[in-house]
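Participant: Attaching a single structure in structure tokens format; questions to follow.
The values are calculated or read from the model by the stated rules, or taken from the named source; none is laboratory data. Quick caveat: nothing in here was measured; it's all calculated off a predicted structure. Virtual Cβ from ideal backbone geometry, glycine too; neighbours counted across all protein chains shown.
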Amino acid sequence: MTKHITYTGMIWLLAAQVVVILPFLFDLPIWLLPVLLFAAGWRLRVLSGAALQPGNITKTLLVGLGVGGLLLSGLKFPSLDAMATLLLLGFAFKSLEVVQRRDAIVVIFIGYFLVALHFLYSQSLGAALYGMVSMVILTGALVGVQQAISEFSAGQNVRFNLRLAVFMLLQCLPLMIVIFVFAPRFAPLWSLPLATTQAKTGIADRMAPGDIEKLAKSGDLAFRVAFKGKRPAQHDLYWQGLVLNHFNGHEWRQFARDYDVYQLKTALLSHYRWNPKSVQVQGTAVPYEAIYESSGQPWLFTLAPTVEVEGAVLRGADYRVMAQQELQAPFLLKAVSYPDAQRDSVLPEYLRTLALGLPPTGDARSRTLAQQLWRETGNPQAYIDKVLARFSEQAFAYTLNPPTLGERDTIDAFLFDSQRGFCAHYAGSFVFLMRAAGIPARVVVGYQGGEWNDAGQYLAVHQYDAHAWAEVWLAGRGWVRIDPTTAVAPSRTEQGLEAAVQAEGTFLADAVFSPRKIAWLNGISQQLDTVQYGWRRWVVGYDRAEQAALLKNMLGTFSIERVALLVAGLFAAIGLFWLLVLGLTQRPPKEALEHRLYRRFCEALAKHGVQRDVGVAPSTFAAHAAQQLPALAGVIREFTQVYEGICYAPTADGQNATRRLKALLAKVK
Amino acid sequence: MATLNLRNIYIIPSKTALGLLSIIALLFLLGINFQNSLVYIISFWLLALLLLNIFYTWRNLAGLTLTAVGIEPCFAGEKAVLEVELSRPTPYAKYALELTWEDAMQVQIDLISTQTARIKLSHSTQQRGRFTPPRLKISTRYPTGLALAWAYVHLDIHGVVYPAPVEKAFQAQGESYGDNSESGLEITGGTNDFGGIRDYQYGDAPKRVHWAKFAQTGKLYTKTFVDYASHEVWLDWETLPMPGIEVRLSHLCRKVLECHQEQRQYGLKLPGKVIAPDKGDAHKARCLQALALFGLAND
């Protein structure tokens, strides 16, 4: 029996490989492309008969090239990228030597694995839909390599296999969903360093003048929030990301030392840890859940101060909430915030030191201004008002395209010379002026506002909502949020960036085809976004906690027996559904009574030693049997006559005839 | 005749399915470690596909009917050829069915646009006698190779295996074999001796046309020949000098074949069975069958 694959099977396999490899090209090193193209090209040449299967030397060379490229590419080991690259190379090279059905099946199975692996790079709805297409092609190929040469033409074969693959995968859906919902979810068994090449997006851990403007030119989604209770007013939606304490004369950083994520984690677990007692809860609670897009960074954005959170997150003394690791996948957070709560009524000394630090020299004019204003006012609140009044009364402008300020004395350059800036300029110089006057203050970066999606009942926060503001510590009030930008552009917090820079016409100026600029497109994009949100929230975000909540909801109280019973019931129902769909419940059509009697007649004669061969007409057989069994000749002839009568000349009196057959049959026995 | 149904179809996941299972397990681990819902989905989807295919593969055999059409007689040591008819009463086409004897004979067949198909399977034979084909295995892995379904079919049919003829038959003394005596009864339509001429009839071999007469008269005549059946050939068990039943049967078998080829009138004498002299295909078959079944029960 030949286990080789047919030509059509080979074509199927090649199509499956192309479909599986394609999405990886956006994420993995570009040198893979020529290698994969070469492998596919060779395969095609072999198929068309223009080339032979590559020999051992060629194969060794190719594998060597691939592995060499992998080593030279600087991908870390072990990492996801390295694993994916290695698998892709194997996947492509394996196709060079596929002859046997077994090889083809190995290729297809690796293909299935790669389809799943790609979801570690993207879990968007688009990626999922593409994954479904890949699954169909791979399953079609799996059928294709099983087929021997058949009467189908190539076109028929493609259509038939595609239809079969789609049917099978659709019929699998109910069972897949049941397993997905009920299969136990475990905590990660070991931590794998991801180290993907995924770009970091969104707010960074430092802020120089000009950083936030760059971000504000992007229309990408940062996160979505669904409120469980009343939605706070738009101008109160300050999504705190991180707090920048340290100023070096040019840019704002979190700390004097530049911590990486692991050092930061250590800090958040030790001296910079959140102290629950530092919050005096008051005012209304704002419960919400947010789904953050994968940003490649660990920052989460919450309404400060966050009091309760669900999930494994880190929390800092500055009320920040941070993920345990960089977000490589959408992340769901459930939190309860109390925007009116008092924070740090007593300011710990190390926080005070952090909030007063200034570089020893530089920005002399600003320091002089601060001393002058402090002398004029004498108390913190009046001083703050004076500084904000200065922003609104003087010719300060809010713009997405501020002039560059150089490397040194940037605060002076902004406050006295250019006076044109974005939120980072205002927040940075405001905090500088506070500290110069001895008022503890710090810069907060995050997002402000967001776009309400009425269809989906959630808030979408985009990169252009990125914002920077300030917090000052006042005795008796704790940390107070002050947004200097509102002194210049009040519409920024009420109506968003688009309104604030309307006169300038710079909103998403680079994105010519942004749907936000066209009303009806914006409507459609909101609808699409609603679907995406549902996908993120209920499919991608379905985790252990969600499962527990769902089971509790479904069963009332959770118990293993109940779940087992429910799952068994669902499995049985799906089994029945499959039997019905596949037509396995239909009984084969019943043989007519006379045919059954004739068969028994033949069996009876066989016992007497007269076999009826297949295809022998009853009359011929009767003549033969009568000759062999003279004693029964009469019965045989009559039986055959009556039987043929029923078959070829049916009369109304069929019952009588079959009764006669039965009587005659008894005589034969 | 045998119809495949729930009672006689066996089905198990194939080795390929074990391979897929390990991929599924790997993906499940990947899903756990990266807490990735979509990886879970692919893992579970493949698991569902594996289970579903047990139903699909089962359906590819279910309802199929196998009927033995017949076995052509053969000589011992040759291949017995069994013709089997497959038919599908269900509306579902059957793909990639494999029919296997236990000793490696394998045939693949589809039933796509036709309801029935006939297929010839051969099986080696060792000795003369009745031949009962061993159980036939019909199996399929269609559509994905993830499940293996099979059924054993005992076909209720018997064939006859003639004794293997010896290379050259023993020539007994005094046997009238080959003796062309003039005194016997002439049998027209023979090949040996010139009998006369008659008018040409359509279909007569050119070799027999009397060309000399044609040259003389311009009319076609056909030469006729006669055989002499005076000494009916008796193939007699008792006259064979060699010992051993099988050896004698093999000799007789060869002689039957020789006599048949030479269009002789021959009879067969076996202990307890005598077949009167005759000629023709049916007679040959009767003689060979008698040899095949000699000494066996239920003759």
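Participant: Among the helices (runs of 4 or more DSSP H) contained in segment B:194-299, which hold 3 or more residues that are at pLDDT 80 or above, out of contact with any helix residue (DSSP H, G or I) (no Cβ under 6 Å at 6 or more places or on another chain) and closer than 30 Å to B:Gln127 by Cα?
Facilitator: Values: elements: B:211-217, B:245-261, B:281-292.
Per the criteria, B:245-261, B:281-292.
Participant: Any chance you could count how many residues in segment A:223-237 are over 13 Å from A:Glu451 (Cα atoms) and either buried (at least 22 other Cβ atoms within 10 Å of the Cβ) or charged (D, E, K, R) (or both)?
Facilitator: Going through segment A:223-237 one residue at a time, the tally reaches 3.
Participant: Conditions: (1) touching a Phe, Trp or Tyr at 6+ places or on another chain (Cβ under 6 Å); (2) closer than 24 Å to B:Thr3 by Cβ. B:Thr114 meets all but one. Number of the miss?
Facilitator: All conditions pass for B:Thr114, except number (1).
Participant: Let me ask another. Name the helices (runs of 4 or more DSSP H) wholly inside segment A:53-148 in which the number of residues that are in contact with a His (Cβ under 9 Å, 6 or more places away or on another chain) is 1 or more. If you could, list the steps in order and put the result at the bottom.
Facilitator: Details: elements: A:56-72, A:80-94, A:101-118, A:125-146.
Counting at least 1 such residues, we get A:80-94, A:101-118, A:125-146.
Participant: Follow-up question, since we're still on this one. Name the residues in segment A:521-573 that are under 15 Å from the mean Cα position of the chain (by Cα) and either at positive phi or outside any helix (DSSP H, G or I) (or both), would you?
Facilitator: A:Gly541, A:Tyr542, A:Asp543 - these are the residues of segment A:521-573 that are under 15 Å from the mean Cα position of the chain (by Cα) and either at positive phi or outside any helix (DSSP H, G or I) (or both).
Participant: Related question: Inspect segment B:103-123 for any residue being in contact (Cβ under 8 Å) with a residue 40 or more places away in the chain, over 30 Å from A:Ala104 (Cα atoms) and touching a Lys or Arg at 6+ places or on another chain (Cβ under 7 Å) and give the result as yes or no.
Facilitator: Yes, some residue in segment B:103-123 is in contact (Cβ under 8 Å) with a residue 40 or more places away in the chain, over 30 Å from A:Ala104 (Cα atoms) and touching a Lys or Arg at 6+ places or on another chain (Cβ under 7 Å).
Participant: For the list (1) farther than 19 Å from B:Gly145 by Cα; (2) exposed (fewer than 15 other Cβ atoms within 10 Å of the Cβ); (3) in contact (Cβ under 8 Å) with a residue 40 or more places away in the chain, I need the number of the one condition that A:Val99 fails.
Facilitator: Looking at each condition in turn, A:Val99 falls short on (1).
Participant: Right, another one. Can you name the condition, by its number, that A:Pro588 falls short on among (1) within 14 Å of another protein chain (Cβ to nearest Cβ); (2) under 30 Å from A:Leu169 (Cα atoms); (3) at pLDDT 85 or above?
Facilitator: Evaluating A:Pro588 over (1) within 14 Å of another protein chain (Cβ to nearest Cβ); (2) under 30 Å from A:Leu169 (Cα atoms); (3) at pLDDT 85 or above leaves (3) as the failure.
Participant: Let me ask another. Any residue that is in the same structural domain as B:Tyr92 (by TED's automatic domain parsing), aromatic (Phe, Trp, Tyr) and not in a helix (DSSP H, G or I) - is there at least one of those in segment B:8-31? Spell out how you get there, then give the answer.
Facilitator: The first filter runs over segment B:8-31 and keeps only residues in the same structural domain as B:Tyr92 (by TED's automatic domain parsing), leaving B:8-31.
Restricting the remaining residues to those that are aromatic (Phe, Trp, Tyr) gives B:10, B:28.
Then drop every residue that is not not in a helix (DSSP H, G or I), which leaves B:10.
Taking every residue of segment B:8-31 in turn, at least one turns out to be in the same structural domain as B:Tyr92 (by TED's automatic domain parsing), aromatic (Phe, Trp, Tyr) and not in a helix (DSSP H, G or I).
Participant: Moving on to the next point. Any chance segment A:66-79 includes a residue that's of a type in the set (A, V, I, L, M, F, W, C), touching a Lys or Arg at 6+ places or on another chain (Cβ under 8 Å) and assigned by TED's automatic domain parsing to the domain that holds A:Val35? Spell out the reasoning first.
Facilitator: Keep residues of segment A:66-79 that are of a type in the set (A, V, I, L, M, F, W, C), which gives A:67, A:70-72, A:75, A:77.
From what's left, touching a Lys or Arg at 6+ places or on another chain (Cβ under 8 Å): none.
No: segment A:66-79 contains no residue that is of a type in the set (A, V, I, L, M, F, W, C), touching a Lys or Arg at 6+ places or on another chain (Cβ under 8 Å) and assigned by TED's automatic domain parsing to the domain that holds A:Val35.
Participant: Report, by residue number, each residue of segment A:295-322 that is surrounded by fewer than 21 Cβ atoms within 10 Å (Cβ to Cβ) and either without any contact (Cβ under 8 Å) to a residue 24 or more places away in the chain or within 14 Å of chain B (Cβ to nearest Cβ) (or both).
Facilitator: Hits for segment A:295-322 are A:Gly311, A:Ala312, A:Val313.
Participant: Yes or no: A:Ala572 more than 30 Å from B:Phe55 (Cβ to Cβ), modelled with pLDDT of 85 or more and of a type outside the set (Phe, Trp, Tyr)? Outline the logic, then answer.
Facilitator: Numbers: more than 30 Å from B:Phe55 (Cβ to Cβ): no; modelled with pLDDT of 85 or more: yes; of a type outside the set (Phe, Trp, Tyr): yes.
No, not satisfied.
Participant: Give me the residue from segment A:130-189 that is at the interface with chain B (Cβ under 8 Å from one of its Cβ atoms) and in contact with a Pro (Cβ under 7 Å, 6 or more places away or on another chain) and, out of that set, farthest from B:Thr16 (Cα to Cα).
Facilitator: The extreme case among them is A:Leu164.
Participant: Of all residues in segment B:57-113 being touching a Pro at 6+ places or on another chain (Cβ under 9 Å), under 12 Å from B:Leu136 (Cβ atoms) and assigned to a strand (DSSP E or B), which is farthest from the other protein chains (Cβ to nearest Cβ)?
Facilitator: B:Leu82
Participant: State which residue is farthest from the other protein chains (Cβ to nearest Cβ) when the search covers only segment A:328-371 and only residues that are in contact with a helix residue (DSSP H, G or I) (Cβ under 6 Å, 6 or more places away or on another chain) and among the acidic types (Asp, Glu).
Facilitator: Here the answer is A:Asp363.
Participant: I would also like to ask the following. Starting from segment A:174-186, take each residue that is touching a residue at least 60 places away in the same chain (Cβ under 8 Å) and list its partners that are of a type in the set (Gly, Ala, Ser), counting only C-beta distances under 8 angstrom and pairs at least six apart or across chains.
Facilitator: Pairs found: A:Leu175/B:Ala48; A:Phe180/B:Ser37.
Participant: Six or more apart or on different chains, Cβ atoms under 8 Å: show the pairs whose first residue is in segment A:240-255 and in contact (Cβ under 8 Å) with a residue 40 or more places away in the chain and outside any strand (DSSP E or B) and whose second is among the basic types (Lys, Arg) and surrounded by fewer than 18 Cβ atoms within 10 Å (Cβ to Cβ).
Facilitator: Here the result reads A:Gly249/A:Arg408; A:His250/A:Arg408; A:Glu251/A:Arg206; A:Gln254/A:Arg206, each pair linking segment A:240-255 to a residue that is among the basic types (Lys, Arg) and surrounded by fewer than 18 Cβ atoms within 10 Å (Cβ to Cβ).
Participant: Among (1) under 23 Å from A:Leu333 (Cα atoms); (2) out of contact with any strand residue (DSSP E or B) (no Cβ under 7 Å at 6 or more places or on another chain), where does A:Asn248 come up short?
Facilitator: With respect to (1) under 23 Å from A:Leu333 (Cα atoms); (2) out of contact with any strand residue (DSSP E or B) (no Cβ under 7 Å at 6 or more places or on another chain), A:Asn248 is out only on (1).
Participant: Suppose we keep only residues that are surrounded by fewer than 22 Cβ atoms within 10 Å (Cβ to Cβ) and of a type in the set (Gly, Ala, Ser) within segment A:114-129. Which one would you say is farthest from the other protein chains (Cβ to nearest Cβ)?
Facilitator: Among them, the one singled out is A:Gly126.
Participant: Restricting attention to segment B:114-127, report how many residues are more than 26 Å from A:Val143 (Cα to Cα) and either of a type in the set (Gly, Ala, Ser) or not in a strand (DSSP E or B) (or both).
Facilitator: Filtering segment B:114-127 for residues more than 26 Å from A:Val143 (Cα to Cα) gives B:120-127.
Right, trim to either of a type in the set (Gly, Ala, Ser) or not in a strand (DSSP E or B) (or both) and you get B:122, B:124-127.
Residues in segment B:114-127 being more than 26 Å from A:Val143 (Cα to Cα) and either of a type in the set (Gly, Ala, Ser) or not in a strand (DSSP E or B) (or both): 5 in total.
Participant: Another question about this same structure. Could you tell me whether segment A:260-279 includes any residue that is in a strand (DSSP E or B), surrounded by fewer than 16 Cβ atoms within 10 Å (Cβ to Cβ) and over 26 Å from the mean Cα position of the chain (by Cα)? Write out each step before concluding.
Facilitator: The initial filter retains those residues of segment A:260-279 that are in a strand (DSSP E or B), namely A:273, A:279.
Now narrow it down to the ones that are surrounded by fewer than 16 Cβ atoms within 10 Å (Cβ to Cβ): A:273.
When the remaining residues are screened for being over 26 Å from the mean Cα position of the chain (by Cα), the result is A:273.
Within segment A:260-279, one or more residues are in a strand (DSSP E or B), surrounded by fewer than 16 Cβ atoms within 10 Å (Cβ to Cβ) and over 26 Å from the mean Cα position of the chain (by Cα).
Participant: Looking at (1) out of contact with any helix residue (DSSP H, G or I) (no Cβ under 6 Å at 6 or more places or on another chain); (2) modelled with pLDDT of 80 or more; (3) outside the structural domain of A:Val443 (by TED's automatic domain parsing); (4) not hydroxyl-bearing (Ser, Thr, Tyr), find the lone condition where A:Trp190 falls short.
Facilitator: Against the list (1) out of contact with any helix residue (DSSP H, G or I) (no Cβ under 6 Å at 6 or more places or on another chain); (2) modelled with pLDDT of 80 or more; (3) outside the structural domain of A:Val443 (by TED's automatic domain parsing); (4) not hydroxyl-bearing (Ser, Thr, Tyr), A:Trp190 comes up short only on (2).
Participant: Further question on the same structure: Starting from residues that are aliphatic (A, V, I, L, M) and part of a loop (DSSP other than H, G, I, E, B), keep the ones in segment A:352-406 and report whichever is surrounded by the fewest Cβ atoms within 10 Å (Cβ to Cβ). Walk me through it before giving the result.
Facilitator: Pass one, segment A:352-406, residues aliphatic (A, V, I, L, M): A:354-356, A:358, A:364, A:369-370, A:373, A:382, A:384, A:387-389, A:395, A:397, A:400, A:405.
Now narrow it down to the ones that are part of a loop (DSSP other than H, G, I, E, B): A:355-356, A:358, A:395, A:400, A:405.
Details: A:Ala355: 23, A:Leu356: 17, A:Leu358: 19, A:Ala395: 6, A:Leu400: 20, A:Leu405: 20.
Among those residues, the one meeting the criterion is A:Ala395.
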